[in-house]
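Notes follow once the structure below has been shown.
The values are calculated or read from the model by the stated rules, or taken from the named source; none is laboratory data. This structure is a prediction, so every number in the text was calculated from the model and none was measured. Heads up, the Cβs are rebuilt from the backbone with ideal geometry, glycines too, and the neighbour counts pull from every protein chain shown.
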Amino acid sequence: MNKLLLIAAALLVGAPLLASATAYVPRPSYAGVYQTYNPTITDYFYTTNYPESYASLSNGYSSQGTPFYIEQTPQAHTIALHRYWKGAPSTEHVYITPDQYPQDLVNVTSAGYTYQGIAGYIYPKSLVDNLAPQLLGGMVPLYRLAKFNGANNDLQHKFTISESEKNTLIGQGWSFDHVEGYVPRWTVNAQFP
């Protein structure tokens, strides 16, 4: 009898609270981006597809972990990160967001790169810079760097979310292209804020 009274009282008292509660919205599912590197052709390869990453190991690539995470599916305010490939002699993968850097699309198209699809989704730089920086408190910049070897016309691109790694790479002759966008502040050893 006491249990029944407690349940009835809870329902009567809690009814206004339940009506004003916000709906549960699950956290978007992020995908780890696997990074592999082939020193023979100086190519960094990024994918959220583990079998694809694993298959690259049989083509001279070595695993370099999961340096960052991206959205697997389009979310509000995200833009697609597109993957392109260029074969020999200047073998490389490049990842671009033509929605915010249209010149990158012109560059890869005119240089003979082949489109390989959408790698995932990131938050555009303009969202943080101009519109809603407070919405992305749990996000970090995704830095894109490039290194060109004029002796063999080899171009390579690398991503990092670490400002110290970015600065180290610049000290090693890499050039800073731009912030490609923003990605979740997530690593293997950390949790979401």
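For the reader, a short list of remarks on this structure follows.
- Positions within region 148-185 being in a strand (DSSP E or B), at pLDDT below 95 and over 22 Å from TYR123 (Cβ atoms), in sequence order: PHE148, ASN149, ASP154, LEU155, GLN156
- Against the numbered list (1) exposed (fewer than 11 other Cβ atoms within 10 Å of the Cβ); (2) of a type outside the set (Gly, Ala, Ser); (3) modelled with pLDDT of 90 or more, PRO141 comes up short only at (1).
- Residues in region 36-55 that are over 20 Å from ASN149 (Cα atoms) and in contact (Cβ under 8 Å) with a residue 40 or more places away in the chain: TYR46, THR47, THR48.
- Selection status of SER58, without any contact (Cβ under 8 Å) to a residue 12 or more places away in the chain and in a helix (DSSP H, G or I): yes
- Filter pass, TYR69 being in a strand (DSSP E or B), surrounded by 12 or more Cβ atoms within 10 Å (Cβ to Cβ) and of a type in the set (Ser, Thr, Tyr): yes
- Scan of region 75-118 for residues that are of a type in the set (Asp, Glu), outside any helix (DSSP H, G or I) and within 29 Å of THR40 (Cβ to Cβ), ordered by number: GLU92
- Which listed residue is out of contact with any strand residue (DSSP E or B) (no Cβ under 7 Å at 6 or more places or on another chain) and of a type outside the set (Phe, Trp, Tyr), from ALA80, ALA76: ALA76
- The set of residues in region 79-115 being of a type in the set (S, T, N, Q) and surrounded by fewer than 20 Cβ atoms within 10 Å (Cβ to Cβ) consists of SER90, THR91, GLN100, GLN103, ASN107, THR109, SER110, THR114.
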